[in-house]
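The values are calculated or read from the model by the stated rules, or taken from the named source; none is laboratory data. What you see is a predicted model, and the numbers here were worked out from it, not measured in a lab. Using ideal geometry, Cβ is built from the backbone for each residue, glycine included, and neighbour counts are taken over all protein chains shown.
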Amino acid sequence: MSDVAAIVLAAGAGTRLKSKKPKVAHEMLGKPLVNWVVDAAKEAGVSKVVAVVGHEAGQVLPLVQDACETAEQPERLGTAHAVQCALASEAMSGFDGAVVILSGDCPLITPGTIRSLVEARDAADAAAVVLTMRLDDPFGYGRIVREGFGAADGAEASSVARIVEQKDATPEEAGICECNSGFYCFDAASLRSALSRIGTDNAQGEYYLTDAMAVLRGDGKTTIALESDDPSECLGVNSRKQLAEATRVKQAQINDALMDGGVTMVAPELVWCGPDVRIARDVTLYPNVTLVGDVEVGEDTTLLPSTMLKDTHVGTGCTVGPNTRLYDTRVGDGCTVDETVAHEAVLEDGATAGPRAYLRPGAHLCEGAKAGTHVEIKKSVIGKGSKVPHLSYIGDTRLGEGVNVGAGSITCNYDGRNKHRTVVGDNTFIGSDTMMVAPVEIGSNVVVGAGSVITKDVPDNALAVARSREKIYDEWSLEHKK
Ligand code: UD1
Ligand code: CA
């Protein structure tokens, strides 16, 4: 596959999706359509990939510019014009190998099929090969007109005479069930020569790439079809309904592979995993689990219902969920994460979060630490074995090891203008309902009385109590209730 270039057409608007977002930027299982196609081409082993961008290029370019080369189609004049723009780009200048054309809106194409297209062209020494599929309902697709179509003896040859678009088809042509998938392989010289002779005399007034077949056939060149044995891989996403359909196909493929690898899914139709998800053996996924981006899950872990992981690593032997969302988070081995939302957080081995914890960026639970129920933690280290079990806010804080923070305690880290830090030493006991008014340092082995408002630093080994004294009025009720 040296000397093979792939052009990915991704400049169209996708009006049928009725979206502000260009079609190829819509996501299937957390990855934009165009990236599925670019990645398939790269995996097939082509020597270069050029994506053609145009409509809302500002939204498409950032998706592809690190993955492949790009060319711009300044206005949408049709698929042939888009290919011409790619060939005229710097990336393709002087290229004279084989050119594979892929549609950026057909995300299910496989590297194997891309290689088959290249091999079929080589084997037949053809100027062009088009991937075709036979559909019960071909409506909307270009139809493959074989040489000899409509001949009196009914004999059709293996070569392709032309491709006719739905809008241009006669009733007889519309009856053809063999359809154009939108994937082709050409030799570069034939493609350049054909493109220069394609016009816009058709129902849509566009330069159709499909016309290249008839032009090359007219030159006496060999133009053939390669019939796909799995039409689902050619599914084009032109509508939201087709997007859902394509997602379903890919979801089943990914889940089948994961189950083959030793993952249990209680209800695979209710599990959505992106392509970069890695799951070890003996992991169990309950319903409504969504894993997208760079996700890795270690052995013997259980993901309970309604769990969403994005760019998150979970170690071995964990229980995560139900009702949990983790983004850019690292969970060590043997952790329990229950009804928790976490962004850019770290849980070391044996840490626990929830039920109902909110771990914001920079929350770091060291080994065996706990963020319990209705606890919010931001930009803070909770030391080894330290516990914040109930109803607390801890922000911009460093808690030592073996600290216990009583229920309802809060770090007052914001004075209305700036954020300040709180530091608590090892083995300190913070009584319930303590306000730690930052900046403040509380030493090691300290006891803070419940209900304290701590505004001054507390030295090691001290007892700190900062609240008004309790007063007792003897027999007050007897008087008062008369
Ligand atoms: C196209 C084919 C049709 C085939 C179908 C398969 C043509 C004329 N028709 O139709 O025979 O059955 O694909 O899915 O080629 N694009 C550009 N620039 C443009 C126009 C389109 O980059 O000026 C891109 C689109 O973003 C899309 C791809 O080309 O990724 C195909 O265009 P689309 O409008 O979806 O073509 P179809 O009507 O599906
Ligand atoms: Ca299409």
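If you go through the stretch 320-351 one residue at a time, how many are in a strand (DSSP E or B), farther than 16 Å from residue 288 by Cβ and among the charged types (D, E, K, R)?
Adding up the residues that qualify gives 1.
Which one of 309, 226 is under 15 Å from the mean Cα position of the chain (by Cα) and either part of a loop (DSSP other than H, G, I, E, B) or of a type in the set (A, V, I, L, M, F, W, C) (or both)?
309
What number of residues within the stretch 179-195 satisfy the criterion of being buried (at least 22 other Cβ atoms within 10 Å of the Cβ) and either within 12 Å of ligand 1 (Cβ to nearest atom) or part of a strand (DSSP E or B) (or both)?
8
Counting only residues that are more than 15 Å from ligand 1 (Cβ to nearest atom) and in contact with a strand residue (DSSP E or B) (Cβ under 9 Å, 6 or more places away or on another chain), which one in the stretch 231-253 is farthest from residue 105 (Cα to Cα)?
Filtering first and then ranking leaves 251.
I need the full set of residues from the stretch 5-60 which are without any contact (Cβ under 8 Å) to a residue 12 or more places away in the chain and either crowded, with 24+ Cβ neighbours inside 10 Å or within 21 Å of the chain's Cα centre (by Cα) (or both), in order please.
Once the filter is applied, which keeps residues that are without any contact (Cβ under 8 Å) to a residue 12 or more places away in the chain and either crowded, with 24+ Cβ neighbours inside 10 Å or within 21 Å of the chain's Cα centre (by Cα) (or both), the stretch 5-60 yields 19, 20, 27, 58.
On the given criteria, is residue 199 surrounded by 14 or more Cβ atoms within 10 Å (Cβ to Cβ) and in a loop (DSSP other than H, G, I, E, B)?
Criteria not met by residue 199.
Against the conditions (1) closer than 30 Å to residue 267 by Cβ; (2) crowded, with 17+ Cβ neighbours inside 10 Å, where does residue 245 fall short? Just the number, please.
Evaluating residue 245 over (1) closer than 30 Å to residue 267 by Cβ; (2) crowded, with 17+ Cβ neighbours inside 10 Å leaves (2) as the failure.
With the structure loaded, tell me whether residue 79 is among the hydroxyl-bearing types (Ser, Thr, Tyr), surrounded by fewer than 22 Cβ atoms within 10 Å (Cβ to Cβ) and within 16 Å of ligand 1 (Cβ to nearest atom) or whether it fails that test.
The answer is no for residue 79.
Which condition from (1) of a type in the set (S, T, N, Q); (2) within 16 Å of ligand 2 (Cβ to nearest atom); (3) surrounded by fewer than 16 Cβ atoms within 10 Å (Cβ to Cβ) is the one that residue 103 breaks?
If we test residue 103 against (1) of a type in the set (S, T, N, Q); (2) within 16 Å of ligand 2 (Cβ to nearest atom); (3) surrounded by fewer than 16 Cβ atoms within 10 Å (Cβ to Cβ), just (3) comes out false.
If we keep just the residues of the stretch 440-482 that are surrounded by fewer than 14 Cβ atoms within 10 Å (Cβ to Cβ) and of a type in the set (S, T, N, Q), which is nearest to residue 401 (Cα to Cα)?
This residue is 461.
Of the conditions (1) in contact with a strand residue (DSSP E or B) (Cβ under 8 Å, 6 or more places away or on another chain); (2) among the hydrophobic types (A, V, I, L, M, F, W, C); (3) at pLDDT 95 or above, residue 157 satisfies every one except a single condition; which number is it?
(3)
Return yes or no: is residue 112 in a loop (DSSP other than H, G, I, E, B) and more than 16 Å from ligand 1 (Cβ to nearest atom)?
In short, no.
Going through 307, 223 one at a time, which residue ends up being within 16 Å of ligand 1 (Cβ to nearest atom), at pLDDT 95 or above and of a type in the set (Val, Ile, Thr)?
223
Just the residues that are part of a loop (DSSP other than H, G, I, E, B) and away from ligand 1 (no atom under 13 Å from the Cβ), please, taken from the stretch 202-220.
219, 220
Output the residues belonging to the stretch 171-211 that are touching a strand residue (DSSP E or B) at 6+ places or on another chain (Cβ under 8 Å) and among the polar types (S, T, N, Q).
180, 181, 190, 210, listed by residue number.
So which helices (runs of 4 or more DSSP H) stay within the stretch 5-92 end to end and still have 1 or more residues that are modelled with pLDDT of 95 or more, closer than 26 Å to residue 294 by Cα and within 16 Å of ligand 2 (Cβ to nearest atom)?
Ranges flagged: 33-44, 57-64.
Scan the stretch 291-311 residue by residue and report those that are touching a residue at least 40 places away in the same chain (Cβ under 8 Å) and crowded, with 20+ Cβ neighbours inside 10 Å.
The answer is 292, and nothing else.
With respect to the numbered conditions (1) surrounded by fewer than 17 Cβ atoms within 10 Å (Cβ to Cβ); (2) in contact (Cβ under 8 Å) with a residue 24 or more places away in the chain; (3) among the hydrophobic types (A, V, I, L, M, F, W, C); (4) within 24 Å of residue 242 (Cα to Cα), which one is the sole condition not fulfilled by residue 67?
Against the list (1) surrounded by fewer than 17 Cβ atoms within 10 Å (Cβ to Cβ); (2) in contact (Cβ under 8 Å) with a residue 24 or more places away in the chain; (3) among the hydrophobic types (A, V, I, L, M, F, W, C); (4) within 24 Å of residue 242 (Cα to Cα), residue 67 comes up short only on (4).
Hey, which of the strands (runs of 3 or more DSSP E) in the stretch 402-466, taking only ones fully inside, have at least 1 residues that are under 39 Å from the mean Cα position of the chain (by Cα) and under 16 Å from residue 389 (Cβ atoms)?
Passing ranges, in order: 410-412.
Considering only the stretch 203-243, state which residues are within 16 Å of ligand 2 (Cβ to nearest atom) and free of Cβ contacts under 8 Å to residues at least 24 places away in the same chain.
Within the stretch 203-243, 241, 242 meet the criteria.
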